[in-house]
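Accompanying notes for the structure given below.
The values are calculated or read from the model by the stated rules, or taken from the named source; none is laboratory data. On a predicted model such as this, the values are computed, not experimentally measured, just so you know. No Cβ is skipped: glycine too gets one built from the backbone with ideal geometry, and neighbour counts run over all protein chains shown. The accessibility values were calculated without ligands, DNA or RNA, using every heavy atom of the protein model including side chains. Shrake-Rupley method; radii C 1.70, N 1.55, O 1.52, S 1.80 Å.
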Amino acid sequence: MSRSKFTVLEKLNLIEDYQQSGLPRATYERRHGIGKDTLRSWLIRYQRDGLEGLQEAKKNIHYSKELKHTVVFAYLNGEGTFGELADRYGLRNATQAQNWVTKYNEDKPLTASPSRKRVPTMPKKTTFEERIEIVEYVVKHKHSYAEAAEHFQVSYQQARSWVLKAKNSGYEALVDNRGHHRDESELTDLDKANLRIRQLEAELKDKELVEQFAKKLLELQRKG
């Protein structure tokens, strides 16, 4: 029989045990009394938010218009199901994402002043430094793709693409290889090293302490 509630420490232990078990997720959930797809949600939330993602969801959460539009655009761009987007953006459930998309498609405002008209839909030419600034606006300062698109007047898809490129391949992947700007091959080893340091500083500033705390909790639990 599945349990309805687990403590944060219990969730941490189950996540680590599952990752070491080699068992299919559904099998592990069944053997440990975890609801179907619950472990998947824990994993996504822990990877995204650290310990905070494993805490019980708060009631009456206020979602900004920017977040609502980010979720809507992500769904319309085929970036995931309602359930996957709910996990990715920390929503209470998939129904919220579905309701926002339905309202958007029916041309009903998600707030008093929807931002859909202010976000460019066509790609805009940018410099290498501008692309880095856009990535840091999202990663370092915790803004959404939609907010970045509106702030820098680029398309939503451009902002998302650059953030994902930087995450997967580093800032040097943001160099324009079409001949309009500096070619990636022109970056020296020192350039690349400095870019990596800049990227690490942007990323670690907002999650390092949470991750360190999570590791300490796991270590204490093992010792106990």
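A few points about this structure:
- Remark: pairs (first residue in region 15-34, farther than 16 Å from GLN47 by Cα; second residue outside any loop (DSSP other than H, G, I, E, B) and charged (D, E, K, R); Cβ separation under 7 Å; 6+ apart in sequence or on different chains) = ARG25/ARG40.
- Test: residue in region 33-56 that is open to solvent by 80 Å² or more (accessible area, probe 1.4 Å), modelled with pLDDT of 80 or more and among the charged types (D, E, K, R): yes
- Selection status of THR81, at pLDDT 80 or above and either surrounded by 19 or more Cβ atoms within 10 Å (Cβ to Cβ) or over 16 Å from the mean Cα position of the chain (by Cα) (or both): no
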